[in-house]
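Worksheet: the structure to be examined is printed underneath.
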Amino acid sequence: MQRQLEVLRIMIGRWLNEPIKSGEKKRHISDIVVLLPDVERHHALIGSIFVSGRGQDGLTLPAKVTGVVDADIRQLWEAIIGFYKLLGSHSARFEAAEVLDWLMLPPLFESFGLTHEQMSRGCDLLVEAGFIRGFDELHLKQTLDSNDYDYRFSFAQALDRLTLGLVMPEAELSDCLYPLDKDEWPSTALPEMTLPLPQVSLNDALIVEALCRIYTGLVARR
């Protein structure tokens, strides 16, 4: 398909620049209509060949693609519905792969004041902290025994490790994030403790803050 689009661009450029015979109307790019099956699938490829502005061939051949939703609008919609969809059903697993893809949507990380590189760093830190599946203890309990309070490998547990790594990087196992007396814990559960993630630095403060705000937003809409 890429080669076909490249040849099409050459043909259109040649047709527009051919000498006009006497009596012929002036040719315009708006005179051209190209029908393509499965436009949605090739939308990005079309945009890479028919770029906005001057192309490498020196021609300006903008293409208006109809029948598809603009990529920016689609990403914005996916960023918004993620707050409702990722925890929106009892079958939602909140797995790392889909969550990290959601976090890397430009409308999402830009709304929290982060760059692509910063959110990519945030995703790497979550993986380093052990995030695999599940949002938090309450979410995991939907599929675990009622007396099972384990929330390891969840988003919340990974975020706990990032937060502690930022504020107490040299601490060992700490219970400072769980201000409960030992007798307040259920008899079937061990008091929670967190090991800070050593890879976190002060330069990651904005990233950790943004992830905490995202966590709060998900809790509010679960």
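Would you list the helices (runs of 4 or more DSSP H) that sit entirely within segment 51-121 and hold 2 or more residues that are within 30 Å of residue 10 (Cβ to Cβ)?
Result: 71-85.
Yes or no: residue 162 of a type in the set (A, V, I, L, M, F, W, C), touching a helix residue (DSSP H, G or I) at 6+ places or on another chain (Cβ under 7 Å) and in contact (Cβ under 8 Å) with a residue 12 or more places away in the chain?
yes
Got at least one residue in segment 126-147 being part of a helix (DSSP H, G or I), modelled with pLDDT of 95 or more and more than 19 Å from residue 86 (Cα to Cα)?
Yes, some residue in segment 126-147 is part of a helix (DSSP H, G or I), modelled with pLDDT of 95 or more and more than 19 Å from residue 86 (Cα to Cα).
Any idea how many residues of segment 14-70 are among the small types (Gly, Ala, Ser) and surrounded by 13 or more Cβ atoms within 10 Å (Cβ to Cβ)?
3
Could you please find all residues in segment 73-117 being more than 22 Å from residue 206 (Cβ to Cβ) and of a type in the set (Ser, Thr, Tyr)?
Correct list: 84, 89, 91.
The values are calculated or read from the model by the stated rules, or taken from the named source; none is laboratory data. If you're wondering where the values come from, they're calculated on a predicted model, not measured in any experiment. FYI the Cβ positions are ideal-geometry reconstructions off the backbone, even for glycines, and counts take in every protein chain you see.
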